[in-house]
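Asks: The structure under discussion is supplied below as structure tokens; questions concerning it will follow.
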Amino acid sequence: MDADTADTRVAGVLDRLRHLPGALLPILHEIQHELGHVPAAAVPAIAAALNLSRAEVHGVISFYHHFRIAPAGAHVVQLCRAEACQAVGARALEAHVKQRLGIEFGATTADGKFTLEPVYCLGNCACGPSVQVDDQLHARVSPQAFDNLLAKLGVNS
Amino acid sequence: MSVRVFVPGDSTACALGADQVAAALVEQARSRGLDIDLVRNGSRGLFWLEPLIEVETTAGRVAYGPVSVADVAELFDRDLLAGGEHPLALGPTEQIPYLQQQTRVNFARAGVIDPLNIDDYRRTGGFAGLDRALALSGQEIVAAIKTSGLRGRGGAAFPAGIKWQTVLDTAADQKYIVCNADEGDSGTFADRLLLEADPLQLVEGMTIAGLAVGATRGYIYVRSEYPRAFAVLRAAIALAREDGYLGPDVCGSGRAFELEARLGAGAYICGEETSLLESLEGRRGLVRAKPPLPAIQGLFGKPTVVNNVLTLASVAAILARGADWYRALGCGRSLGTLPMQLAGNIKHGGVVELPFGMSLRALIEDFGGGTASGRPVRAVQVGGPLGAYLSADELDLPLDYEAFAAQRAMLGHGGVVVFDDSVDMAEQARFAMEFCVAESCGKCTPCRIGSVRGVEVIDRIRADTQRADNLLLLKELCDTMEYGSLCAMGGLTPMPVRSAVEKFPEDFGA
């Protein structure tokens with residue numbers, strides 16, 4: 001998407017949501033929803049619309065794990081690292097996933113296909129280990145089941 | 001005549017293939033010329049049986065589960081729509097022992113109704129509490145909540161009626177009701193289930209809270225890890241507004257109550273009430289010092305009730321059925337019911353709502369069926385990542401706030417995470433510190449830096465480097481975090497660490 005289009009869409013979001021009490025999080029969510037991330041270039045416009053400093057807007061973006069300042073890979077893989085999933089093999093799954101994708105948490109594969117993120121609980125604690133790929137939650141994910149998910153996304157072992 | 005078939009639209013059910021099962025049911029019925037009316041209900045919370053499908057027969061609803069796409073054709077071959085026999089048949093749903101032995105108040109409708117059918121909600125007793133509340137004064141509603149003995153279900157267990165009284169007594173031009181649906185504790189999913197299976201109950205409870213304290217606006221802060229719950233809740237709010245239960249004139253009473261769902265952004269700390277308020281105001285989720293209490297200066301500096309999902313949902317039932325009925329459930333000062341959540345290495349994981357007082361052992365063994373791996377239970381963490389680890393010989397503890405506190409443990413939000421004997425408790429203690437590193441808001445030094453040092457100290461203990469000295473250092477570090485942090489994040493991170501060291505010394509090289 002070119003910069004003009006992104007600017008227009010940010011302006012549209014600001015126009016729609018700036019009047020909300022405590023509007024910053026809803027605005028950031030909506031921008032990330034539309035553009036896939038919150039570009040640094042959007043920060044001055046957000047700050048101006050809400051009468052905040054750019055530092056304040058940047059501070060909020062960087063505080064929350066959910067917001068990203070760069071585009072993610074084509075698929076975002078979120079792996080639950082929390083206790084209930086640990087109790088059913090999440091640590092072994094984590095090692096497997098990192099090895100299969102060849103990246104650590106917070107990184108994107110060289111081909112731009114996958115971004116790997118840790119997540120602390122997806123609320124699926126009775127049927128872990130839990131993995132979310134894009135918006136789809138998966139339960140009881142064994143290393144084998146993860147390979148099957150990758151195969152469905154066109155990655156063969 | 002079409003037969004109603006229920007397939008949960010719940011997150012866990014769908015993670016186990018419920019959407020595909022639903023599609024297969026429709027396709028099979030069509031190809032066989034059978035007429036079915038597919039209802040996407042919420043889950044009953046019997047997660048080990050998901051996808052659990054139900055068929056409405058002349059003898060009531062009967063269940064099958066766990067059903068996979070591959071089972072669907074055979075189920076039809078065996079006369080599914082008449083409740084036919086099949087190895088996956090579970091009989092009448094309400095008679096499944098796991099469900100039958102519960103006392104469901106918050107979850108009475110979960111999985112029974114279509115969560116976005118307001119007629120279903122009304123037919124099953126919905127809005128009876130609101131009707132009652134509309135005939136009472138604010139003080140009378142607050143008095144009923146006090147009498148009921150309801151305590152905050154988020155973890156701190158503070159009496160809800162006392163908090164409400166403070167907000168009622170504080171004069172202001174604007175007051176707020178804020179629902180904390182930032183259910184971040186691992187091993188908990190009751191809030192999520194309620195939001196997905198019976199969101200109108202929360203809408204009703206919050207409206208009653210607004211009438212009680214004189215608040216005309218409410219916000220529900222839902223964590224971003226719960227996209228499905230957020231979507232269902234938003235739709236439910238829109239339905240309630242359409243039918244006049246929300247808006248400038250609630251049920252023709254001339255009184256206003258507006259409700260808005262807001263999305264968190266992946267910060268565990270925002271489950272702490274003051275951090276949540278900061279986040280709602282559009283800032284970093286930094287914890288505020290108390291006082292001032294949120295009940296006096298909360299959201300946007302105005303008097304605010306902040307309660308958990310289950311606390312506010314309970315209000316609807318308390319008003320509908322009476323404070324005395326509610327307080328007759330439970331024991332000691334822990335009154336009413338507590339939805340426990342069985343998670344981790346457990347055979348039968350799910351939501352078990354019971355009056356307070358049952359033993360943890362009965363919960364894990366009788367309901368949970370022991371570990372999923374079949375190996376012995378070694379450790380159980382109750383109350384989320386900040387809760388104590390209990391050893392296998394401590395399980396006779398009754399589920400009661402005071403009994404847990406006396407054992408230096410906490411019930412918290414009712415999450416129970418079971419570990420078998422393959423667990424390394426030093427690794428778990430390390431994780432507790434590591435989690436605090438990732439999720440500390442950074443305001444207090446003992447939490448922000450103490451957790452980093454905690455990981456290092458535990459690593460040295462595990463590497464057998466000056467073990468005795470480092471164990472002492474860890475103990476002192478835990479004291480510093482406990483007494484030197486503003487909120488429960490830094491203050492309670494030592495709880496799982498200490499309990500692991502004290503109860504499982506062999507894992508720390510003793």
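The values are calculated or read from the model by the stated rules, or taken from the named source; none is laboratory data. Just so you know, these numbers come straight off a predicted model, no measurement behind them. Virtual Cβ from ideal backbone geometry, glycine too; neighbours counted across all protein chains shown. Note: areas computed on protein heavy atoms with side chains; ligands, DNA, RNA excluded. Shrake-Rupley method; radii C 1.70, N 1.55, O 1.52, S 1.80 Å.
Asks: Of all the strands (runs of 3 or more DSSP E) wholly in the range B:242-361, which have at least 3 residues that are within 14 Å of chain A (Cβ to nearest Cβ), closer than 27 Å to B:G111 by Cα and under 18 Å from the mean Cα position of the chain (by Cα)?
Replies: Hits in the range B:242-361: B:258-263, B:337-344, B:350-355.
Asks: I've got another one for you. Would you call B:F419 closer than 19 Å to B:G184 by Cβ, within 13 Å of chain A (Cβ to nearest Cβ), of a type outside the set (V, I, T) and surrounded by 17 or more Cβ atoms within 10 Å (Cβ to Cβ)?
Replies: No, not satisfied.
Asks: Working only within the range A:81-108, note down all residues that are among the small types (G, A, S) and either more than 13 Å from chain B (Cβ to nearest Cβ) or farther than 24 Å from B:R223 by Cα (or both).
Replies: A:G89, A:A92, A:A95, A:G102, A:A107
Asks: Follow-up question, since we're still on this one. So which residues in the range B:457-481 are part of a helix (DSSP H, G or I) and open to solvent by less than 70 Å² (accessible area, probe 1.4 Å), if there are any at all?
Replies: Passing the criteria: B:V457, B:I458, B:D459, B:I461, B:R467, B:N470, B:L471, B:L474, B:L477, B:C478, B:D479, B:M481.
Asks: Which condition number does B:K443 fail, the rest of (1) assigned to a loop (DSSP other than H, G, I, E, B); (2) touching a helix residue (DSSP H, G or I) at 6+ places or on another chain (Cβ under 8 Å) being met?
Replies: Tallying (1) assigned to a loop (DSSP other than H, G, I, E, B); (2) touching a helix residue (DSSP H, G or I) at 6+ places or on another chain (Cβ under 8 Å), B:K443 fails exactly one: (2).
Asks: How about the range B:154-178: which of its residues are among the aliphatic types (A, V, I, L, M) and modelled with pLDDT under 95?
Replies: Residues satisfying the conditions are B:A156, B:A157.
Asks: Next question. The conditions are (1) in a helix (DSSP H, G or I); (2) buried (at least 21 other Cβ atoms within 10 Å of the Cβ), and B:A73 fails exactly one of them. Which is it?
Replies: Unmet for B:A73, out of (1) in a helix (DSSP H, G or I); (2) buried (at least 21 other Cβ atoms within 10 Å of the Cβ): (2).
Asks: Could you say which residue among B:A403, B:A379, B:A372 is small (G, A, S) and in a helix (DSSP H, G or I)?
Replies: Unique residue meeting the criteria: B:A403.
Asks: Moving on to the next point. Which condition number in (1) touching a residue at least 12 places away in the same chain (Cβ under 8 Å); (2) within 28 Å of B:D10 (Cα to Cα); (3) assigned to a helix (DSSP H, G or I) is the one that A:R100 fails?
Replies: A:R100 satisfies all of (1) touching a residue at least 12 places away in the same chain (Cβ under 8 Å); (2) within 28 Å of B:D10 (Cα to Cα); (3) assigned to a helix (DSSP H, G or I) except (2).
Asks: Also, I was wondering about something else. Quick check: anything in the range A:49-68 in a helix (DSSP H, G or I) and in contact with a Cys (Cβ under 9 Å, 6 or more places away or on another chain)?
Replies: Yes, the range A:49-68 contains at least one residue that is in a helix (DSSP H, G or I) and in contact with a Cys (Cβ under 9 Å, 6 or more places away or on another chain).
Asks: Consider B:G368 carefully, then state whether it is more than 15 Å from the chain's Cα centre (by Cα), open to solvent by less than 10 Å² (accessible area, probe 1.4 Å) and closer than 22 Å to B:S422 by Cβ.
Replies: Judged against the criteria, B:G368 is a match.
Asks: Within the range B:198-244, restricting attention to residues that are among the β-branched types (V, I, T) and more than 18 Å from B:G126 (Cβ to Cβ), which residue is surrounded by the most Cβ atoms within 10 Å (Cβ to Cβ)?
Replies: B:V222
Asks: Restricting to the range A:22-42, give me the number of residues that are open to solvent by less than 20 Å² (accessible area, probe 1.4 Å) and either touching a His at 6+ places or on another chain (Cβ under 7 Å) or closer than 18 Å to B:L277 by Cα (or both).
Replies: Number of matching residues: 6.
Asks: Restricting the search to the range B:1-54, which residues are surrounded by fewer than 21 Cβ atoms within 10 Å (Cβ to Cβ), within 22 Å of B:L193 (Cβ to Cβ) and in contact with a Phe, Trp or Tyr (Cβ under 9 Å, 6 or more places away or on another chain)?
Replies: B:L38, B:V39, B:R40
Asks: Moving on to the next point. Going through B:R109, B:R104 one at a time, which residue ends up being closer than 25 Å to B:G322 by Cβ and in contact with a strand residue (DSSP E or B) (Cβ under 6 Å, 6 or more places away or on another chain)?
Replies: Sole residue among the options that is closer than 25 Å to B:G322 by Cβ and in contact with a strand residue (DSSP E or B) (Cβ under 6 Å, 6 or more places away or on another chain): B:R104.
Asks: Please go through the range A:119-157 and pick out each residue that is open to solvent by 50 Å² or more (accessible area, probe 1.4 Å) and either within 11 Å of chain B (Cβ to nearest Cβ) or within 17 Å of the chain's Cα centre (by Cα) (or both).
Replies: Those that are open to solvent by 50 Å² or more (accessible area, probe 1.4 Å) and either within 11 Å of chain B (Cβ to nearest Cβ) or within 17 Å of the chain's Cα centre (by Cα) (or both): A:D134, A:D135, A:Q136, A:R140.
Asks: Please report, ordered by residue number, the helices (runs of 4 or more DSSP H) entirely within the range B:132-197 with at least 2 residues that are surrounded by fewer than 18 Cβ atoms within 10 Å (Cβ to Cβ).
Replies: Working: elements: B:138-148, B:160-169, B:190-197.
Ranges flagged: B:138-148, B:160-169.
Asks: Could you tell me whether any residue of the range B:457-465 is at positive phi and out of contact with any helix residue (DSSP H, G or I) (no Cβ under 9 Å at 6 or more places or on another chain)?
Replies: yes
Asks: Taking only the range A:25-80 into account, find how many residues are among the hydrophobic types (A, V, I, L, M, F, W, C), within 8 Å of chain B (Cβ to nearest Cβ) and without any contact (Cβ under 8 Å) to a residue 12 or more places away in the chain.
Replies: Residues flagged as among the hydrophobic types (A, V, I, L, M, F, W, C), within 8 Å of chain B (Cβ to nearest Cβ) and without any contact (Cβ under 8 Å) to a residue 12 or more places away in the chain within the range A:25-80 amount to 1.
Asks: Could you tell me whether B:R448 is out of contact with any Leu (no Cβ under 7 Å at 6 or more places or on another chain), surrounded by 15 or more Cβ atoms within 10 Å (Cβ to Cβ) and within 22 Å of B:G285 (Cα to Cα)?
Replies: yes
Asks: A further question follows. Just checking, which of B:L99, B:L34, B:L116 is farther than 20 Å from B:L16 by Cα and part of a helix (DSSP H, G or I)? Don't jump to the end; show me each part of the working.
Replies: Details: B:L34 fails: part of a helix (DSSP H, G or I); B:L116 fails: part of a helix (DSSP H, G or I).
After ruling out the rest, the residue left standing is B:L99.
Asks: Looking at the range A:10-21, is at least one residue within 16 Å of A:I69 (Cα to Cα) and either within 14 Å of chain B (Cβ to nearest Cβ) or exposed (fewer than 15 other Cβ atoms within 10 Å of the Cβ) (or both)? Lay out the reasoning, then the answer.
Replies: Our first condition is that a residue be within 16 Å of A:I69 (Cα to Cα); within the range A:10-21, this holds for A:10.
This time we only want the ones that are either within 14 Å of chain B (Cβ to nearest Cβ) or exposed (fewer than 15 other Cβ atoms within 10 Å of the Cβ) (or both), so: none.
For the range A:10-21, residues within 16 Å of A:I69 (Cα to Cα) and either within 14 Å of chain B (Cβ to nearest Cβ) or exposed (fewer than 15 other Cβ atoms within 10 Å of the Cβ) (or both): absent.
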